[in-house]
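The values are calculated or read from the model by the stated rules, or taken from the named source; none is laboratory data. As the structure is a prediction and not an experimental result, all values here were calculated from the model. Glycine gets a Cβ as well: all are built from the backbone with ideal geometry, and neighbour counts include every protein chain shown. Accessible surface is based on the protein model in full, side chains and every heavy atom, while ligands, DNA and RNA are left aside. Shrake-Rupley method; radii C 1.70, N 1.55, O 1.52, S 1.80 Å.
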Amino acid sequence: MTRAALVVGVGARRDVQAEEVLGLIRRTLREAGLAAGDVVELATLDTRADDPGIAGAAERLGVPVRSYTAGALAEVSVPNPSEAPRRAVATGSVAEAAALADAGELLVPKRKSASATCAVARRRPSADTSASTNGSEPFTIAAMLPPTEHIESAGPDLRHHGDAEVRGLDLTDLAVNVRTHTPPDWLRQRIAASLVSLAAYPDGRPARAAVAGRHGLPEERVLLTAGAAEAFVLIARALPARRPVVVHPQFTEPEAALRAAGHEVGRVLLRPEDGFRLDPAAVPEDADLVVVGNPTNPTSVLHPAGVLERLARPGRTLVVDEAFMDAVPGEREALCGRTDVPGLVVLRSLTKTWGLAGLRIGYVLAEPATIALLQEAQPLWPVSSPALAAAEACMEPRALVEAADAADRIAVDRAHLLAGLAEFSEVRVVEPATGPFVLLRLERAGEVRELLRSRGFAARRGDTFPGLGGEYLRLAVRDRVTTNRFLQALDLALQGLPRRAVG
């Protein structure tokens, strides 16, 4: 399917933040039923092209910035002119003029936020994208990627993650599922001690042996990776798959990696009326690579191991993302130590429980032939010495005891959060929740989320997960004090919703 080529024109104040520009663009596209993956460039005034707000938004979208002089924009007729930009730069709308300057049809007229405007146009098929109007279009990695016209648009923004909700902002973070007050001091010390060896190339053998020992597996069934995200990329690039299928709603990076590797990706959408529980019969028989999370992000559903086993069969790779399994007391339903399930690939992450998202460390457990294929696709020395030191330390008995204690505390804190949410008639929670986060559904969730932000809390939006809509929010489980503060803010946010007109 040929993808639409969308140009987003942007006008903004010089001090605007990238988050505001990006949020405006994504909201505008979503409301118009357009996909962020179809945007091929941002367009703006040449004196604004290097501003951090616009350049940062373009970088996050993976597209270049095309710039135009004020004189060039003044020659473009715009449908919704305003006097202020006309006085400043001779055009009635920077956003609409920039969008239309090299495009044939305005799809979305000017939309506004506090400090930015944007408009969306469809590019003419004959448009020359090799250079900007002033000949200074910046180089981007996106320009080096192979064409993907044969790949159907992914719909929701698969590259949106919880960190985007809080980056650079002073908010209490309920959007990211990393455990608070981590890493602990003893782990920081182990990581710091590894810095004296930075002149040497990393040696992953001790950490690999430690991971194997922790799970009772031979070392040839273990591959260390730069976080679970690298593992998804390796799987997409190295493992054969004619019909990969991803079970949604779940973490979107597996599908994003598969699409980036050129795969046509099928989706199995679990239903809210079924509690987002998996029926193995819903997965197509001819799917030869299946990806599922357990417990699943963002639903917090823990699928029984026996249900997942029914997905396995010769000739199929079954990828189970257990990034949050160590937050489940007793790690019940885990498959990480199993060697009797054909085609099983289990991913684990150390970034959530131990607060190592910035260090990037995870691992893959699979049969030796699969590990060998993945390892061949890795660059040399893919995991740094500090990350290897952390992996080794987190496999030690005292670390496992600490992780188990943390899982028990999370269960208690989650019960407190669920009890508080139950007091709101407007809120419906997906239960039973088993992860360090909960998924809730409420009308006008987007407005509630913005009101929560104004009261100092960041919640993860749900509409970027396939199978969920704008009425969902995900909340990380925090301590009782933080939860009580949040529940008060939620109460005020719900009371502060503006009344909607009737009729």
Within region 184-285, list the GluC sites (Glu not before Pro) lying in a DSSP loop whose Cβ has at most 15 other Cβ atoms in a 10 Å radius. Glu264, Glu285
Which percent of Cα-Cα pairs in region 279-437 sits in each 5 Å bin, short to long? 1, 8, 15, 19, 18, 16, 12, 7, 3, 1, 0
If you place +1 on the Cβ of every Lys and Arg and -1 on the Cβ of every Asp and Glu, how big does the dipole about the Cα centre of region 258-317 come out, in debye to the nearest 20? 140
The chain: relative contact order as a whole-number percent, Cα under 8 Å and 6+ apart: 15
Dipole axis of region 235-294 (+1 Lys, Arg; -1 Asp, Glu on Cβ), positive-most option in Pro284, Gly266, Ile235: Ile235
About its Cα centre, region 1-66 carries a charge dipole, from +1 on Lys and Arg Cβ atoms and -1 on Asp and Glu Cβ atoms, whose size in debye to the nearest 20 is 180
Give the Rg/Rh ratio for region 10-77, taking Rg as the radius of gyration of the Cα atoms and Rh as the Kirkwood radius, to two decimals. 0.97
Given axes a ≥ b ≥ c from the Cα gyration tensor, I'd like to know whether region 416-503 is rounded (a/c under 1.5), prolate (a/b larger than b/c) or oblate. oblate
Simple SL model, points at 7 angstrom along Cα→Cβ for Glu220 and Glu309; separation in nm is 2.5
Whole Å is fine, so just give me how far the alpha carbon centre of region 1-78 lies from that of region 240-281. 30
Work out Dmax and Rg for region 227-372 from the C-alpha atoms and quote the Rg first, both in angstrom. 14.1, 41
Over region 239-380, what is the relative contact order in percent, taking alpha-carbon pairs closer than 8 angstrom and at least six residues apart? 19
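Accessible area of the chain with a 1.4 Å probe: how many percent of it is carbon plus sulfur?
Carbon and sulfur together cover 52 percent of it.
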Which value in Å is the Kirkwood Rh of region 207-259 over different Cα pairs? 12.7
Using a 1.4 Å probe, what is the accessible area per residue for region 352-473, in Å²? 40
Förster radius 30 Å - calculated FRET efficiency between Glu31 and Arg86, Cβ distance, rounded to 0.05: 0.70
Calculate the length of the line joining the C-alpha centroid of region 191-230 to that of region 428-462, in whole Å. 36
Stokes-Einstein translational diffusion, region 317-359 - Kirkwood Rh over all Cα pairs, 0.890 mPa s, 25 °C, in µm²/s: 217
Hydrodynamic radius by Kirkwood for the chain, inverse mean 1/r across distinct Cα pairs, in Å, is 24.4
Cα centre as origin, Lys/Arg/Asp/Glu Cβ charges: the chain dipole, Debye: 720
Report, largest value first, the span of the C-alpha coordinates of region 331-418 along each principal axis, in whole Å. 46, 33, 25
Separation of the Leu269 and Ala200 label points, Cα + 7 Å toward Cβ, nm: 5.3
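Is it possible to state the helix-based mean residue ellipticity at 222 nm for the chain, with each DSSP H run of 4+ residues giving -39500 (n - 2.57), the sum divided by total residues, to the nearest 500 deg cm²/dmol? What is it?
Numbers: 15 runs with 159 residues, N = 503.
Using -39500 (n - 2.57) per qualifying helix, the result is -9500 deg cm²/dmol.
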Options Ala116, Phe437, Trp186, ranked by Cα towards positive dipole end of the chain, top entry (Cβ charges): Ala116
Lys/Arg Cβ at +1, Asp/Glu Cβ at -1, dipole of the chain taken about the Cα centre: which of Leu302, Leu45, Ala207 is farthest positive-ward? Leu45
Using the Cα gyration tensor of region 175-301, the equivalent ellipsoid's semi-axes, largest first and to the nearest Å, work out to 33, 20, 14
Between Asp185 and Arg14, what is 0.36 nm times their sequence separation minus the Cα-Cα distance? Round to one decimal in nm. 57.5 nm
